[in-house]
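Report on the structure given below.
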Amino acid sequence: MGNVATRKRPGCHHTSRNDDYNDEDDGPVKKRIRIGEPQHIENEYQKLAFKSRLQKLKKCRPHLKRRTYKVEEADPRPPLPRFIVDEYDNYEKPEPTRKDFAIPWFEHLFLPEFPTRSVINEKSFILERQLGRGSFGIVYCASAIHDSERKFAIKMQEKREIISKRAVLQVKREASIQRLLPSHPFIARTYSTWQTRTHLYSLLQYPTGSTGDLFSVWRQRGSLSEAAIRLIGAELASAIDFLHRNDVIYRDVKLENVVLDQWGHALLIDFGLAKKLKQGNNTGTICGTLQYMSPDVASGHMYSHYVDWWSLGVLLHILLTGIYPYPNSEATHHANLKFIDYSTPIGCSAEFANLMDRMLAVSLTHRLCSFTVLHAHPFFRTINFSKLEQKDYTPASEIGNAEYDTYHPNDETLDDTLYKENYEFDRFDYFNDRF
Ligand SMILES: Nc1ncnc2c1ncn2[C@@H]1O[C@H](COP(=O)(O)OP(=O)(O)OP(=O)(O)O)[C@@H](O)[C@H]1O
C-alpha cells in the first residue's frame, strides 16, 4: 500500500501514519493541536474563515508575533581614547626593517638632513676643479649653470664609504649643525644638502678667489707675520666664540680647516667633529687631530667648549714658529701625547709670547679659556672686533711679510702626512649622545 499513489482531496489534510495513528490499535490517536493548523477545514469556505480568525487573533495578541533579536557581537577593539592624541606617541613602535621602508633604506638613512628631492641638485652646477679630498669624498669648486660667475664648493660624499665606516650619524650631525647655524662672516655657510642613490651632496660657501687652505698657504709662504696672525687669529676667535654662543663645540681647529679668500679673510670649514653642546655642559669623546688636541680631551676626562681655545693656540703657534708647541709630531695615539717641555717662542713680541703661554698652559687655572679674556689680551689690543666682523681689515696685505726665523732643524717641524686625518679614539661614540 505504501507505494500506491493516493489522491488528496481538497480541504482534507493528510497526516502521516506515524503521527496520527497508533500501529497497535487501529483507532484514532489524540491529535496534537497546533495553532494555525487547519485540522477541521472541510472546504474552501472554512479555510478562508480560519485564516481570517487567525489574523484577528494575531492582531489582538501581538506578543504572538515572531520577533527577531539582533545579538550584537562585542567590538574586539577597545574604544579609542578621545582627545588624548599625544598618547599615541607613547606606543612602542617596532624597529623598521629594510622591507618596511617605502623608499630604499640607503636613502632613508640620510633623511631628513639630505633630502631626496631637491630643487637645487647636482644638475644645477658645473664642476670645475677639485679643491680637496675628505674622508668620504671629494670637494669641488663649481659654478652655477645659469651664472658662471657664482662659485660654490660642492662636497660630494660616497654613501657606501660613510656606511662602511659607520659614520652616518656623524655626517648627518655635521649637516644639521651647519644648516641650522646663523651666518657668520668667518664660517663657511651651507646653502643646501641633498642625496642621490649613491652620494650625499653639500653646497657650501666658496671663498671668493680662494688661495686654498691655511696649511697650503703656510707651506708655500712660510711663517706669517705677527700682524697677519693677529688678524687671522682674531677672525678665527670671532668664529669660535660665535659657535660657542650658539651652543656648538667645534673640536677640530687646525690649519687644514681654514680656507682663505683673496683678501686673506678666514673661513672655517668642516664641521665633522662639531657637536651641539650647551654652554656650561660637558662632553667626553676623545676626538680631534692629535697634534691640536688639548690635554683635557687626551686625558679622557669630561671637557667643554674651552678645548677649542687650546687648538687655536696651537694653530697660531705653528703659523709663527712652524713647529708644534709640544713634542707630539710623532704621536699616533692620544695616550702618547706629551704636554711637557713647552718653551715660549723666542724672537717674537712679548704680547704674542704671553698669549701663547696663556693659551697653551696645561693647567686650566692659568689657561686662556674664553673669548672675553682673549679679546682683552694685549696682543689683540689694536683690533676692533666690530670692524673686524665688517671685514674692514685685509689680512692678505700682511701675509708674506714674515719677520720670524722659521728654521728649527731638530724641532717639532710639521709633517703634513701626520695630521691630515681626524682622530677619533672611540668610533662607538658616534652612536650615542656622548659624542
Ligand atoms: N667651502 C670650501 N671652500 C673651499 N675649499 C673647501 C671648502 N670645503 C672644503 N674645502 C677643501 O676640501 C678639503 C676637504 O674638505 P673637508 O675637510 O670639509 O672634507 P671632510 O670630508 O669633512 O674631510 P675630513 O676628513 O677632514 O673630515 C679641505 O681641506 C679644503 O681644502
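General remarks:
- Inter-residue pairs, beta-carbon under 8 Å, first of a type in the set (Lys, Arg) and in a loop (DSSP other than H, G, I, E, B) and in the stretch 361-378, second at pLDDT 95 or above and surrounded by 15 or more Cβ atoms within 10 Å (Cβ to Cβ), 6+ apart: Arg367/Tyr306; Arg367/Trp309; Arg367/Trp310; Arg367/Arg358; Arg367/Met359; Arg367/Leu360; Arg367/Ala361
- Reported count of residues in the stretch 230-258, each being within 13 Å of the ligand (Cβ to nearest atom) and either out of contact with any strand residue (DSSP E or B) (no Cβ under 9 Å at 6 or more places or on another chain) or in a helix (DSSP H, G or I) (or both), is 3.
- Residue in the stretch 146-156 that is β-branched (Val, Ile, Thr), farther than 27 Å from Ala234 by Cα, surrounded by 15 or more Cβ atoms within 10 Å (Cβ to Cβ) and near the ligand (Cβ under 10 Å from one of its atoms) present: yes
- Restricting attention to the stretch 273-300, the residues that are surrounded by fewer than 23 Cβ atoms within 10 Å (Cβ to Cβ), small (Gly, Ala, Ser) and more than 16 Å from the ligand (Cβ to nearest atom) add up to 4.
- First in the stretch 138-154 and outside any strand (DSSP E or B), second anywhere and more than 9 Å from the ligand (Cβ to nearest atom) and open to solvent by 60 Å² or more (accessible area, probe 1.4 Å), Cβ under 9 Å, 6 or more apart: Ile145/Lys123; Ile145/Ile126
- So Glu351, is it more than 19 Å from Gly288 (Cβ to Cβ), out of contact with any Gly (no Cβ under 7 Å at 6 or more places or on another chain) and of a type in the set (Asp, Glu): yes
- Residue match in the stretch 219-229 (condition: under 20 Å from Pro345 (Cα atoms) and within 13 Å of the ligand (Cβ to nearest atom)): yes
- Of everything in the stretch 123-143 that is among the basic types (Lys, Arg) and within 13 Å of the ligand (Cβ to nearest atom), the residue that is surrounded by the fewest Cβ atoms within 10 Å (Cβ to Cβ) is Arg129.
- Residue within the stretch 332-346 that is open to solvent by 40 Å² or more (accessible area, probe 1.4 Å) and assigned to a helix (DSSP H, G or I) present: yes
- Filter result for the condition that a residue is open to solvent by 30 Å² or more (accessible area, probe 1.4 Å) and either within 16 Å of the ligand (Cβ to nearest atom) or within 23 Å of Ala234 (Cα to Cα) (or both), over Asp270, Asp261: Asp270
- Among the residues listed as Leu169, Leu203, Leu224, the single one being over 25 Å from Phe114 (Cα atoms), touching a residue at least 60 places away in the same chain (Cβ under 8 Å) and of a type outside the set (Phe, Trp, Tyr): Leu224
- Any hit, the stretch 330-337, residues being in contact with a His (Cβ under 9 Å, 6 or more places away or on another chain) and without any contact (Cβ under 8 Å) to a residue 12 or more places away in the chain: no
- Filtered by the rule that a residue be of a type in the set (Ser, Thr, Tyr) and more than 9 Å from the ligand (Cβ to nearest atom), the stretch 201-218 gives Tyr201, Thr208, Thr211.
- Ile163 satisfies every condition listed in (1) crowded, with 19+ Cβ neighbours inside 10 Å; (2) touching a Leu at 6+ places or on another chain (Cβ under 9 Å); (3) at pLDDT below 95 except (1).
- Cross-chain or 6+ apart pairs with Cβ under 8 Å, the stretch 120-131 first and outside the structural domain of Gln195 (by the TED database), then within 12 Å of the ligand (Cβ to nearest atom) and open to solvent by less than 90 Å² (accessible area, probe 1.4 Å): none
- Selection from the stretch 175-194 of residues that are touching a strand residue (DSSP E or B) at 6+ places or on another chain (Cβ under 8 Å), assigned to a loop (DSSP other than H, G, I, E, B) and open to solvent by less than 30 Å² (accessible area, probe 1.4 Å): Leu181, Phe186, Ala188
- Restricting the stretch 347-385 to residues that are open to solvent by less than 20 Å² (accessible area, probe 1.4 Å) and of a type in the set (Gly, Ala, Ser), the residue that is farthest from the chain's Cα centre (by Cα): Ala353
- Filtered by the rule that a residue be farther than 15 Å from Pro395 by Cα and open to solvent by less than 10 Å² (accessible area, probe 1.4 Å), the stretch 210-237 gives a lone residue, Phe215.
The values are calculated or read from the model by the stated rules, or taken from the named source; none is laboratory data. All of these numbers come straight from a predicted model, not from anything done at the bench. A quick note on method: Cβ atoms are made from the backbone with ideal geometry, for glycine too, and the neighbour counts reach across all protein chains shown. Surface areas here come from the heavy atoms of the whole protein model, side chains and all, with no ligands, DNA or RNA. Shrake-Rupley method; radii C 1.70, N 1.55, O 1.52, S 1.80 Å.
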